[in-house]
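Peer 1: Here it is, the structure, as structure tokens.
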């Protein structure tokens, strides 16, 4: 495995013979969820590139960029075991040669849910994703379903801007207690970790409600009831949206729908989601 930090080194590493190239884009502080993306990329391509880059453009006012966990040495060791061939870990000045004037807008997708709480976040995400696609030139890019709104935005950008890459969604990886794996989980103490389980319980309640014949409104209310019963949570939103647009589904919607939620546990903000198939 090659670890490179500059555009020139990346170009040299990518010159290795290959039939199909996959990329997994991360901000480091890797865990099993990230590694599952790498392993899925290995099934889809014979050359796997993992980017490790804490992107300043997707951090908003009040979000501590310097507080984001970093452990490149540990990340590299895990990626070697997972089968990555190239790790691109550039400095900010290597990705943004100048302060960007032209950036990508997420449009209506980026204005609600996570975007409403983090204005400009998805514009920053899409800008760096597009730049990394240009630098890596992948055939396929693997993203996690846990960041569902990000996945929706990336897919729309790829379609709207004719980016020649196949976007593949990897399933959410959960710990034994149901909590979705996230770099932010490192900030949870023991008590907060117990509280965080309520997010998965809420999603399970919604899924069971649909299995019992509930419509979208019933599923959302089932999730809200579970969250409301947990006093340690501060809920930001519970939303039932179209999985291709991130916009609220209309009353009477049938078929696929994404139930997404976000809540604060202490000082840590967590997100989670589940796909539902609303019945006739």
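Peer 1: Would you please name the residue that is nearest to residue 271 (Cα to Cα), looking only at residues in region 101-127 that are surrounded by 18 or more Cβ atoms within 10 Å (Cβ to Cβ) and free of Cβ contacts under 8 Å to residues at least 40 places away in the same chain?
Peer 2: Out of the qualifying residues, it is 115.
Peer 1: Which numbered condition trips up residue 66, out of (1) at pLDDT 95 or above; (2) assigned to a helix (DSSP H, G or I)?
Peer 2: Every listed condition holds for residue 66 apart from (1).
Peer 1: Could you please let me know if residue 258 is touching a strand residue (DSSP E or B) at 6+ places or on another chain (Cβ under 9 Å), part of a strand (DSSP E or B) and not assigned by TED's automatic domain parsing to the domain that holds residue 33?
Peer 2: For residue 258, the condition - touching a strand residue (DSSP E or B) at 6+ places or on another chain (Cβ under 9 Å), part of a strand (DSSP E or B) and not assigned by TED's automatic domain parsing to the domain that holds residue 33 - is met.
Peer 1: Being touching a residue at least 24 places away in the same chain (Cβ under 8 Å), in contact with a helix residue (DSSP H, G or I) (Cβ under 9 Å, 6 or more places away or on another chain), surrounded by 14 or more Cβ atoms within 10 Å (Cβ to Cβ) and within 19 Å of residue 182 (Cα to Cα) narrows it down to one of 25, 1, so name that one.
Peer 2: Answer to the selection: 25.
Peer 1: Step by step: first the residues of region 203-222, then only those that are in contact (Cβ under 8 Å) with a residue 60 or more places away in the chain and buried (at least 22 other Cβ atoms within 10 Å of the Cβ), then the one that is nearest to the chain's Cα centre (by Cα). Which residue is that?
Peer 2: Applying the filter and picking the extreme gives 203.
Peer 1: Taking the residues in region 1-18 that are assigned to a loop (DSSP other than H, G, I, E, B) and touching a strand residue (DSSP E or B) at 6+ places or on another chain (Cβ under 8 Å) as candidates, determine which candidate is modelled with the highest pLDDT. Spell out the reasoning first.
Peer 2: Here is the first cut: in region 1-18, the residues assigned to a loop (DSSP other than H, G, I, E, B) are 1, 5-6, 15-18.
Still in the list and also touching a strand residue (DSSP E or B) at 6+ places or on another chain (Cβ under 8 Å): 1, 5, 16, 18.
Details: 1: 95, 5: 98, 16: 91, 18: 94.
The extreme case among them is 5.
Peer 1: For residue 243, only one of the following conditions fails: (1) touching a helix residue (DSSP H, G or I) at 6+ places or on another chain (Cβ under 9 Å); (2) outside the structural domain of residue 49 (by TED's automatic domain parsing); (3) assigned to a helix (DSSP H, G or I). What is its number?
Peer 2: Exception for residue 243: condition (3).
So that you can scan it fast, the table gives a plain yes or no per residue for (1) without any contact (Cβ under 8 Å) to a residue 60 or more places away in the chain; (2) buried (at least 16 other Cβ atoms within 10 Å of the Cβ); (3) in the same structural domain as residue 67 (by TED's automatic domain parsing):
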{"site": "189", "(1), (2), (3)": "no, no, no"}
{"site": "224", "(1), (2), (3)": "yes, yes, no"}
{"site": "252", "(1), (2), (3)": "yes, no, no"}
{"site": "263", "(1), (2), (3)": "no, yes, no"}
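The values are calculated or read from the model by the stated rules, or taken from the named source; none is laboratory data. Quick caveat: nothing in here was measured; it's all calculated off a predicted structure. Cβ atoms come from the backbone with ideal geometry, glycine included; neighbour counts cover every protein chain shown.
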